[in-house]
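Participant: Structure below; questions to follow.
The values are calculated or read from the model by the stated rules, or taken from the named source; none is laboratory data. It should be emphasised that the depicted structure is a prediction, and the values quoted were computed from it without experimental measurement. Cβ atoms come from the backbone with ideal geometry, glycine included; neighbour counts cover every protein chain shown.
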Amino acid sequence: MITEQRRREITAAFDRLLKQDNKKEIEQLILSELRDADAMLGERDLNAGYRIALRNRINTLEAEESERVVGKRRALDYVMWVVTGLLVIGLAAWLFR
């Protein structure tokens, strides 16, 4: 969990993003901090621009994380299919020689 001071810094960074359109500052924030800041805000300022930008960034990072996991899973599936195929071919060759 982040501190109240850190939450204010994150909120200010998103507020500056809306005013200056400088994404470098928010790109350095990690997903867990953004989630904590969103949770600490609770029901406050749900329709404020910085809060919408905060939630959009959280959604973007979660989607990227999900894509990485799916990609790793897909690669593992391909490897398993190849290994299984080779085992079946090897077993069939051994049985029918």
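Participant: What residue, among those in the stretch 1-19 that are modelled with pLDDT under 90 and in a loop (DSSP other than H, G, I, E, B), is surrounded by the fewest Cβ atoms within 10 Å (Cβ to Cβ)?
Facilitator: MET1
Participant: Turning to a different aspect of this structure: What are the pairs, 6+ residues apart or on separate chains, where a residue within the stretch 42-70 that is within 15 Å of LYS23 (Cα to Cα) has its Cβ under 8 Å from a residue that is of a type in the set (Ser, Thr, Tyr)?
Facilitator: Close Cβ pairs (under 8 Å, with a partner that is of a type in the set (Ser, Thr, Tyr)) amount to TYR50/THR11; LEU54/THR11.
Participant: List the number of the failed condition for ASN22; all other conditions in (1) free of Cβ contacts under 8 Å to residues at least 12 places away in the same chain; (2) under 22 Å from GLU64 (Cβ atoms); (3) not in a loop (DSSP other than H, G, I, E, B) hold.
Facilitator: Looking at each condition in turn, ASN22 falls short on (3).
Participant: Still on this model: Among the residues of the stretch 35-51, count how many are under 18 Å from the mean Cα position of the chain (by Cα) and exposed (fewer than 15 other Cβ atoms within 10 Å of the Cβ).
Facilitator: 1
Participant: So which of ILE30, ILE26 ends up being surrounded by fewer than 15 Cβ atoms within 10 Å (Cβ to Cβ) and within 22 Å of ALA63 (Cα to Cα)? Write out each step before concluding.
Facilitator: On the way: ILE26 fails: surrounded by fewer than 15 Cβ atoms within 10 Å (Cβ to Cβ).
Answer to the selection: ILE30.
Participant: Also, quick follow-up: Say whether the condition of being in contact with a helix residue (DSSP H, G or I) (Cβ under 9 Å, 6 or more places away or on another chain), surrounded by 13 or more Cβ atoms within 10 Å (Cβ to Cβ) and of a type in the set (D, E, K, R) is met by at least one residue in the stretch 65-80.
Facilitator: The answer is no, given that none of the residues of the stretch 65-80 is in contact with a helix residue (DSSP H, G or I) (Cβ under 9 Å, 6 or more places away or on another chain), surrounded by 13 or more Cβ atoms within 10 Å (Cβ to Cβ) and of a type in the set (D, E, K, R).
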